[in-house]
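S.K.: Please see the structure below; I have some questions.
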Amino acid sequence: MTETSFVWERRFGPHLAAGHREDGVALDKLTPEVPQAAWSLHTTAPDYARFLVAVLHGEGLSTAAREAMLTPLADAEEGIRWGLGWGLQPGPNGVAFWHWGDNVGYKSFALLDTSTRKGLVLLTNSENGMLLLQPLLRVVLGREQPAADWLGYDRYDDPRYQITAELFRIITTDGVAAALARHEALKAAGMYPPDAFGEDLLNALGYRLLRTGRVEEAIAVFRRNVELFPEAYNPYDSLGEAYLMQGNLRLALENYQKSVALNPGNTHGARMIQQLRAALLQPKGQ
């Protein structure tokens, strides 16, 4: 693995791909000087593929270490287990081991099936990088993989993603009012299944706006979601978060309170209420 390091090396410079936000804006290149196991790895797809093959064959590993890596030690959800340092998918003829990376502007996934000895290393420099993950896995491995479902990334062929992507583009060009009008037009036109227009649709759009620094537009989207789903607790929780990012603590508190009133089990909302009350009681300037 000659092109891999947990700390920045100057020789990587000409070959490093800059990360990108969901809206295509390029981010500063990541050049860590201190190794961080969770996020500072720089590598290439061929190098990481060599690493997968080494784990498969136990190269450089003791028998006990390899067994711990490829033996399910804990459950996650149906079809997903954890080994030492790897996610595992048990199958009839062996396990597939996998891992993923999720830094701002970069998304990655790697999987190797020990029974078929087929695998995939996907390294992307975009927040949208996993849109094609399942289709690629289907081509390489013959079927979609539970691990990719468990990660929950957007899929390019998901109607909810297609709608939010269109609405986001409209917001960037014509404003939030035009996007919300388009939302209603799409819903009325029957172009997409009705269940695509649940509360999570505008919620996802709002968070996409927050992630790209469009707080005011996100608030407008979350407010519409509250209007459409007044009995659902999560839209209020999201609106509270957006108001908090705006610096409007009173409206943030008001919406978190509405969320918890609808769902007393919303522990995040309850915790935010306590924090906001304490912040509002502090004299200004402290």
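S.K.: Would you mind calculating the gained length between residue 191 and residue 30 on full extension (0.36 nm times residue separation, minus the Cα-Cα distance), in nm to one decimal?
M.R.: Taking residue 191 through residue 30 to full extension adds about 53.8 nm, to one decimal.
S.K.: Separate question: For residue 118 and residue 132, compute 0.36 nm times the residue count separating them, minus their Cα-Cα distance, and round to one decimal in nm.
M.R.: 3.2 nm
S.K.: For the chain, what is the charge dipole size about the Cα centre, in debye to the nearest 20, if Lys and Arg each add +1 at the Cβ and Asp and Glu each add -1 at the Cβ?
M.R.: Rounded to the nearest 20 debye, it is 420 debye.
S.K.: Rounded to the nearest 0.05, what FRET efficiency is calculated for residue 181 and residue 250 with R0 set to 35 Å and r the Cβ-Cβ distance?
M.R.: It comes to 0.75.
S.K.: Take each of the peptides 249-262, 269-282, average the number of other beta-carbon atoms within 10 Å over its residues, and list them starting from the highest.
M.R.: For the peptides 249-262, 269-282, the packing ranking is 249-262, 269-282.
S.K.: Where Lys and Arg each count +1 and Asp and Glu each count -1, what net charge lies around residue 259 among other residues with Cβ under 11 Å from its Cβ? It would help to have the intermediate numbers written out before the result.
M.R.: Values: positive: 258; negative: 237, 241, 254.
Neighbourhood net charge equals -2.
S.K.: As a test of the formula, what do you get for the chain when each DSSP H run with n ≥ 4 contributes -39,500 (n - 2.57) and the sum is divided by the residue count, at 222 nm and rounded to the nearest 500 deg cm²/dmol?
M.R.: -15000 deg cm²/dmol
S.K.: Mind checking segment 103-188 for chymotrypsin sites (Phe, Trp or Tyr not before Pro) that DSSP puts in a loop (not H, G, I, E or B) and that have at most 14 other Cβ atoms within 10 Å?
M.R.: Qualifying residues, ordered by number: 156.
S.K.: Mind checking the full-extension length gain between residue 37 and residue 280? Use 0.36 nm per residue of separation minus the Cα-Cα distance, one decimal, nm.
M.R.: Extending this stretch completely gives an extra 83.6 nm.
S.K.: Please go through segment 1-68 and write out the trypsin sites (Lys or Arg not before Pro) that DSSP classes as loop and that have at most 14 other C-beta atoms within 10 Å.
M.R.: For trypsin sites (Lys or Arg not before Pro) across segment 1-68 that sit outside H, G, I, E and B with at most 14 neighbouring Cβ atoms in 10 Å, the list reads 29.
S.K.: Same structure, new question: For the chain, with the dipole built from +1 on Lys and Arg beta-carbon atoms and -1 on Asp and Glu ones, taken about the Cα centre, which of 51, 31, 120 lies farthest toward the positive end?
M.R.: 31
S.K.: Taking 7 Å along the Cα-to-C-beta vector as the label spot, tell me the residue 144-residue 84 distance in nanometres, rounded to one decimal.
M.R.: 3.4
Every number in this text was worked out from the coordinates using simple rules, so none of it is lab data. Quantities reported herein were computed from a predicted structural model and do not represent experimental measurements. Every residue, glycine among them, receives a Cβ derived from its backbone with ideal geometry; neighbour counts consider all protein chains shown.
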